[in-house]
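The values are calculated or read from the model by the stated rules, or taken from the named source; none is laboratory data. Keep in mind that this is a model prediction, so the values were computed, not measured. Note that we place each Cβ from the backbone using ideal geometry, even for glycine, and neighbour counts take in every protein chain shown.
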Amino acid sequence: MSLIVTRDIVKEYRMESYSVTALRGVSLDIAAGEFVAVMGPSGSGKSTFMNLLGCLDSPTSGEYFLAGERLSGLEGDALAAIRNRGIGFVFQNFNLLPRTTAVENVELPLLYSRCPKQERRQRALARLAQVGLADRAGHHPQQLSGGQQQRVAIARALVNNPVLILADEPTGALDTHTSFELMGALQQLNREGLTVVLVTHERDIASFASRIIHFRDGHVLDDQRVAQPADAHAMLRELEKEAA
Amino acid sequence: MLGIIIGVAAVIVMISVGSGAQARVEDQIRTLGTNLIILMPGSVTSGGVRMGAGSRPSLTEDDSYAIQREVAAVQAAAPALRGTGQVVAGTSNWATVFYGVTPDYFEARNWFIAAGRSFEPAELSGAGKVALLGETVARNLFGDGDPIGQVIRIRKVPFTVIGLLERKGQSLIGQDQDDVILMPISTARNRVLGGGTARHRGVGSVSIKIRDGEDMTQAEEQIRSLLRQRHRIQAGQDDDFTLRNLSEVLQAQEQSSRIMTLLLAAIASVSLLVGGIGIMNIMLVSVTERTREIGLRMAVGARGRDILAQFLVEAVTLALIGGLLGILLGVGGSYAVGHLAEWRTELNAQAIVLAAGFAAVVGVFFGFYPARKASRLLPIEALRYE
């Protein structure tokens, strides 16, 4: 059974005098364990689709099931619980809280799932170690490089053991080297069984995914599986060789 | 935060300076003796000629004691005998007024001894020849020298100067109140004035001080009826005494108190308003600045009420810390004003509670409103907020 099922999703933004239709009936199935890259020009509806998958926004019509549960039609608090436990977000601009240490940033989702303080700290430290930042736990975001900040964000996305990672242009603010590092980390997570959905407009970033979906004008234009996705770790080694 | 601190501090300083000024005005008016009633004997009518107040020796020392004893509103009733005469000290002399008084006089008139001592009981009962000099008299007789222990002659009777009276300045009608000598009433009656007053312990006037907060008119009525009873005056007959008070000054005092209170209220409300606007700004800016943070918190699972609770807690904490710092700053500031500008300031518990309470209410209100708005946003709207 598919992890994500959408049926005829329509999203309309109503302004005062006109309305914009961002999605015109999107039906997609994404199986557990897939690594999906969503591509398309700006205005194609890819970000809107991502926000709907992440329960940050609600569709105007259509149905959305996550792990068999019907989410379209749910409201406020129920959606907050889904975001808290089911989904991990990675944003383009990291969205870490300033004046808050790395480990406290990672703890944030656990705070809202009423996790006891000690367990919170333990789990957050474990996730930071997983992304290789155990020694940076007490640093504030502005003391970390962009790549390190994005890794803190990944640790935060993972901390509540979600079934789905949503990454919205996660490499948009990173250079090639750090981008490849980050994609390597996502590929690693995917190999461990996590479903990853990634929005990007960069072809070489999308090439790390096992499935690439193109959006245009609110429709799915093209949906193709990649038999042999590029390996981010291998590319990284090549890049380092070139530099040397 | 700064808005709360400055708002609270401003209110406290304003009110303490204001109430200090009010207290000072009240004090100054009090030295004029607004709660003072002067009791004088009535006039004598002799062959159709009325001799004026005080001409009839109808008041006695015992009347004064009875008033003190029986009228509850009376704080002190001090009998006095007045005389005038030439005073001689060595080679200087001076014409002045002297009063024979009891120690109650000092209390009734709010008049204290600046140097030396007051009368001793033996001097009061035994007509001791001791005198207290007003500032003007002392200066005219002794110049810059120390008069205490010196001998002066009043109507040829030798007196020892035992003390100096505090300077009192001019009376409301421009009379020099320091041009005076005080002596025990028995001395004035038996040794200096002599004559008819001596036989029936008559007095020239009684100064009656009414307790703070008592109704002057009512107290005056009680004194009048007590005296009419003691003097056996039939209903319908005129009083054989006169009661006077400084009612005009009293009215002036009431007026100035009222104006002062209004002024204070106006100043306080303006500074509270300013403080409130400061708090409002801080809270609005804080919530608006952090809309993206709110969005992020929602994205990782915060519910609307989590956001609301967070901002309420922050607002209350901010208001409490700001309020406390404001109180410290305000108290410090009003001491500084009192010290540096040498203004009298009075710290007022009410003002502190008012200012801090207002800060808390405004802080919570203006923190709550934008936070509630933010907590109802769709997560994506909050996240995308620029």
So which pairs qualify, if the first residue must be in segment B:301-325 and on the phi > 0 side of the Ramachandran plot and within 11 Å of another protein chain (Cβ to nearest Cβ), the second must be modelled with pLDDT of 80 or more and crowded, with 18+ Cβ neighbours inside 10 Å, the Cβ gap must be under 7 Å, and the two must be at least 6 apart or on different chains? B:301/A:80; B:301/A:83; B:301/A:84; B:301/A:109; B:301/A:112
Can you find a residue in segment B:335-346 that is out of contact with any Leu (no Cβ under 6 Å at 6 or more places or on another chain), buried (at least 21 other Cβ atoms within 10 Å of the Cβ) and assigned to a helix (DSSP H, G or I)? no
Counting only residues that are facing another protein chain (nearest Cβ under 10 Å), surrounded by fewer than 24 Cβ atoms within 10 Å (Cβ to Cβ) and in contact with a strand residue (DSSP E or B) (Cβ under 8 Å, 6 or more places away or on another chain), how many does segment A:55-65 have? 1
Residue tally, condition under 23 Å from the mean Cα position of the chain (by Cα) and among the small types (Gly, Ala, Ser), over segment B:337-386: 4
Could you check segment A:32-54 and list, in sequence order, the residues that are out of contact with any helix residue (DSSP H, G or I) (no Cβ under 8 Å at 6 or more places or on another chain), part of a loop (DSSP other than H, G, I, E, B) and either surrounded by fewer than 16 Cβ atoms within 10 Å (Cβ to Cβ) or within 12 Å of another protein chain (Cβ to nearest Cβ) (or both)? A:32, A:41, A:42, A:43
Would a scan of segment A:70-91 turn up a residue that is in a helix (DSSP H, G or I), under 15 Å from residue A:195 (Cβ atoms), within 11 Å of chain B (Cβ to nearest Cβ) and out of contact with any Cys (no Cβ under 7 Å at 6 or more places or on another chain)? yes
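Just to be sure before I move on: is residue A:85 basic (Lys, Arg), in contact (Cβ under 8 Å) with a residue 12 or more places away in the chain and in contact with a Ser or Thr (Cβ under 9 Å, 6 or more places away or on another chain) in the structure I sent? Break it down into steps so the answer makes sense when it comes.
Values: basic (Lys, Arg): yes; in contact (Cβ under 8 Å) with a residue 12 or more places away in the chain: yes; in contact with a Ser or Thr (Cβ under 9 Å, 6 or more places away or on another chain): yes.
Yes; evaluated as a whole, the condition is true for this residue.
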Residue A:215 passes all but one of the listed conditions (1) modelled with pLDDT of 90 or more; (2) within 12 Å of the chain's Cα centre (by Cα); (3) crowded, with 21+ Cβ neighbours inside 10 Å; (4) not small (Gly, Ala, Ser); the exception is number (2)
Selection within segment B:347-363 - surrounded by fewer than 20 Cβ atoms within 10 Å (Cβ to Cβ), part of a helix (DSSP H, G or I) and among the hydrophobic types (A, V, I, L, M, F, W, C): B:349, B:353, B:354, B:361
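Being modelled with pLDDT of 70 or more, acidic (Asp, Glu) and either assigned to a helix (DSSP H, G or I) or more than 45 Å from the chain's Cα centre (by Cα) (or both) is the requirement here; does residue B:248 meet it? Please lay out each step first, then the result.
Values: modelled with pLDDT of 70 or more: no; acidic (Asp, Glu): yes; either assigned to a helix (DSSP H, G or I) or more than 45 Å from the chain's Cα centre (by Cα) (or both): yes.
Considered against the rule, which asks whether it is modelled with pLDDT of 70 or more, acidic (Asp, Glu) and either assigned to a helix (DSSP H, G or I) or more than 45 Å from the chain's Cα centre (by Cα) (or both), residue B:248 comes out as no.
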